[in-house]
There are 2 protein chains.
Amino acid sequence: MINIGIDIFGGDNAPEEILKAVKIFLEKKKNIKLTLFGSEMIIKAALGEKANVEIVHTEKFLSMGEKDPVSYLRANPDCSMAMALKYASEKKVDGVVSAGPTQALIVGAHLIIKRLENMKRTALCPILPSEDGKGKLLLDVGANLELKKEHMLELANFATILSREVMGIPEPITGLLNIGTEAGKGREIDKETYALLEASETINFFGNVETKELFSSPCHIHLTDGYTGNMVLKTMEGVFGTTSKLMREEIKRTFMGKLGYFFMRKNLARFKKRLDPKEIGGAMLIGVKAPVIKAHGSSDAYAFYNAIQQAEKMIGNNVIEKVKKVLNAKEEE
Amino acid sequence: MINIGIDIFGGDNAPEEILKAVKIFLEKKKNIKLTLFGSEMIIKAALGEKANVEIVHTEKFLSMGEKDPVSYLRANPDCSMAMALKYASEKKVDGVVSAGPTQALIVGAHLIIKRLENMKRTALCPILPSEDGKGKLLLDVGANLELKKEHMLELANFATILSREVMGIPEPITGLLNIGTEAGKGREIDKETYALLEASETINFFGNVETKELFSSPCHIHLTDGYTGNMVLKTMEGVFGTTSKLMREEIKRTFMGKLGYFFMRKNLARFKKRLDPKEIGGAMLIGVKAPVIKAHGSSDAYAFYNAIQQAEKMIGNNVIEKVKKVLNAKEEE
């Protein structure tokens, strides 16, 4: 039976929303076990007695306000996030979902679960909304500041398998984010990576993609280094935030605006849903020996439920084993 | 009298919208001369006989569909863009405005007008919308792929003067775009640039700014390298494009949506106006010996009018002379 480790204390809305998600998940999926890391009392109060649940008790947790979450994690191996990762490294759970601080989860997974052999880098890979509603992978968004071309190829191979097994895309297409679409564009690293991806037999390479096509390009995977991916992801966040804020301000300004909103509210809700990352799930931390899902810090029960489901797909479809096969084949060439 | 060179043939809507903008400008500003580069016949047909206009006739122009605009510009010194730049280099005009292809304008300004002494790099610097409606400078967005810390400092000094003289900000604040706000964040170059900006006496340095704060940070200037700036700018463009498209789709989907739109349309128009880069003007190409304004390729008359006005401010407020003074003072230290 698939066994997923859940950090009950990670995220702005923990533990309430996390436990709500767990409850719904347990009701819907009878054949999956969840191992919950957190206070036994709080968990039992929220869930009562449930089948398919194991509780690993700890009162310690990494607060979202912690100034130096990475040091905290190193110093506190008995906090809920560290224990979940430890269980994954010992194969007592098949994967981990946490909405706790991103950098701590990345570093913790590195130190505790450890990198796959033949995988030189890890990456954080969110699923972003797309115009066709299917979502697209973007990586890396912050696990590495700089990447060499060989690392980019590794990540593209991993993402291709993820896209196939988690997103259900039969033949995933990969695009390289760049400042122009022509082959010779960009920095040295971009040109080198372009050549390597083009020569690869395991990647369906589309070519360069400009960031104005992030939602509309034919690619299922957009590849870039962690510095650039982080800048791009947060720009999206900033634009969404500001457009929502200014639109609300302008609508509220007049009676006609409020009246219009009354008629149009369902349309605007549908519009928002199409661009809402919550609909899709968390970011996958790839390159370590077990699936780790980083749910958004502000996850509500619905978002966290989707993140657990994503872990289930990564585990159920043997993503890690399939990646190992591709990496080992490369090594033997 | 200020004399601004205008490339009549640059941009998707040239020459019609460019000439409309010129006409309005000439009517409003009686004490400024415009030198127009393009077909005498077309210009005269659109404007009639006007005071304060000089026509430099050429039929040749750089098409927006040109595959290799930079080579075209090198090979055709008698096209409208190249001639406008030539006139600026010979001080026959005080500055140039063009909506033609960006890379050609950047390279052309380099080759023909030439870099300022003591200025090692140029940069493309658009004015982006901000939540407070005043606009913010972002640079570089594509003149240089990579920049050293000394170049970043040069650009910050230039932008500080631009912000003061063109945007009317008495004490402009500069932020360094980065993946986190703490001082030690980012790549080596980011840490080095941080230290240099912090030590500078001519810059009001705010510290690091994440791109999710692009519209809302207290900074008037956001500094980054040309590769990153280009990725960020085009991400903004992509998000704006997709949100507008999906919102239109959802509103049109039902009768209630259309009805709501009828009541709310003025509110939505005001909302759009607050985020419209057209309200503010073009991108300034800085670091060469004369002001060069790159109006957006899709400029209509209103946008192009604003771009001409920006050139007027750069020239009228002696931006180039003020920058020279700061750069020379640095050199003598």
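Summary table
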item: Dipole of the protein assembly as shown, positive direction: furthest Cα of B:ALA123, A:GLY281, A:CYS79, with charges on the beta-carbon; result: A:GLY281
item: Neighbour-limited loop hits for GluC sites (Glu not before Pro), the stretch B:37-137 (at most 13 other Cβ within 10 Å; DSSP other than H, G, I, E, B); result: B:GLU49, B:GLU59, B:GLU90, B:GLU117
item: In the stretch A:13-54, the trypsin sites (Lys or Arg not before Pro) that fall in loop regions by DSSP, at most 11 other Cβ within 10 Å; result: A:LYS30
item: 222 nm mean residue ellipticity, helices alone, for chain A (DSSP H n ≥ 4; -39,500 (n - 2.57); rounded to 500); result: -14500 deg cm²/dmol
item: Rounded to whole Hz, the Karplus (6.51, -1.76, 1.60) HN-Hα couplings of the stretch B:215-221, x for glycine and proline; result: 9, 10, 5, x, 7, 9, 10
item: Cα-centred dipole magnitude for the protein assembly as shown, charges only on beta-carbon of K, R (+1) and D, E (-1), debye, nearest 20; result: 2100
item: Label point at A:ASN317 placed 7 Å out along Cα→Cβ; residues across the stretch A:97-128 whose backbone nitrogen lies under 15 Å; result: A:126-128
item: Furthest towards positive pole of dipole, B:PHE304, B:ILE221, B:LEU268, structure part the stretch B:221-333, Cβ charges; result: B:LEU268
item: Inter-centroid distance (Cα atoms) of the stretch A:211-267 relative to the stretch A:80-102, Å; result: 33
item: Within a Gaussian network of chain B (alpha carbon springs, distance under 10 Å), most fluctuating of B:ASN31, B:ASN52, B:ASN118; result: B:ASN31
item: Backbone HN-Hα couplings from phi across the stretch A:74-88 [Karplus 6.51/-1.76/1.60, Hz, Gly and Pro as x]; result: 4, 7, 10, x, 9, 7, 4, 5, 4, 5, 4, 5, 4, 4, 5
item: Volume per residue that the Cα convex hull of the stretch A:1-80 spans, once the total is divided by residue count, Å³; result: 85
item: Distance in nm between pseudo-label sites at A:LYS29 and A:LYS191 (7 Å out along the Cβ direction from Cα); result: 4.7
item: Using alpha carbons only: equivalent-ellipsoid semi-axes of chain B, gyration tensor based, whole Å; result: 31, 29, 18
item: Along each principal axis, Cα extent of the stretch A:15-58, largest first, Å; result: 26, 18, 14
item: Derived scalar couplings ³J(HN,Hα) [the stretch B:134-144; Karplus, 6.51 cos²θ - 1.76 cosθ + 1.60; whole Hz; x for Gly, Pro]; result: 8, x, 10, 8, 10, 7, 7, 10, x, 6, 10
item: Amide H contacts of B:ASN208 (H built 1.01 Å from N, under 5 Å, at least 5 apart or other chain); result: B:LEU176
item: B/A buried area, accessible surface, summed, 1.4 Å probe, Å²; result: 5100
item: Solvent-free Debye scattering, log10 I(q)/I(0), computed from the Cα coordinates of the protein assembly as shown at q = 0.08 Å⁻¹; result: -0.67
item: Alpha carbon convex hull of the stretch A:171-224, volume per residue in cubic angstrom; result: 65
item: Electrostatic dipole magnitude of chain B [Cβ: Lys, Arg +1; Asp, Glu -1; Cα centre; debye, to 20]; result: 1080
item: 10 Å-binned pair-distance histogram of the stretch A:241-333 (Cα, whole percent); result: 14, 28, 22, 17, 11, 6, 2
item: Sparse-neighbour loop sites [GluC sites (Glu not before Pro); the stretch A:172-207; at most 10 other C-beta within 10 Å; DSSP]; result: A:GLU201
item: Options A:VAL107, A:PHE9, A:THR202, ranked by Cα towards positive dipole end of chain A, top entry (Cβ charges); result: A:PHE9
item: Size of the stretch B:69-198 as Cα extents on the principal axes (Å, biggest first); result: 51, 32, 26
item: The stretch B:134-258 pair-distance distribution - Cα-Cα, 5 Å bins, rounded %; result: 2, 11, 19, 21, 17, 9, 6, 5, 4, 3, 2, 0
item: Accessible area (Å², per residue) of chain A, counting only protein heavy atoms and a probe of 1.4 Å; result: 42
item: Accessible area in the full protein assembly, largest first, 1.4 Å probe, for B:MET256, A:MET236; result: B:MET256, A:MET236
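The values are calculated or read from the model by the stated rules, or taken from the named source; none is laboratory data. Here the structure is a predicted model, which means the values were calculated and not measured. All Cβ positions, glycine included, derive from the backbone under ideal geometry; neighbour counts span all protein chains shown. Only protein heavy atoms, including side chains, enter the accessible area calculation; ligands, DNA and RNA are left aside. Shrake-Rupley method; radii C 1.70, N 1.55, O 1.52, S 1.80 Å.
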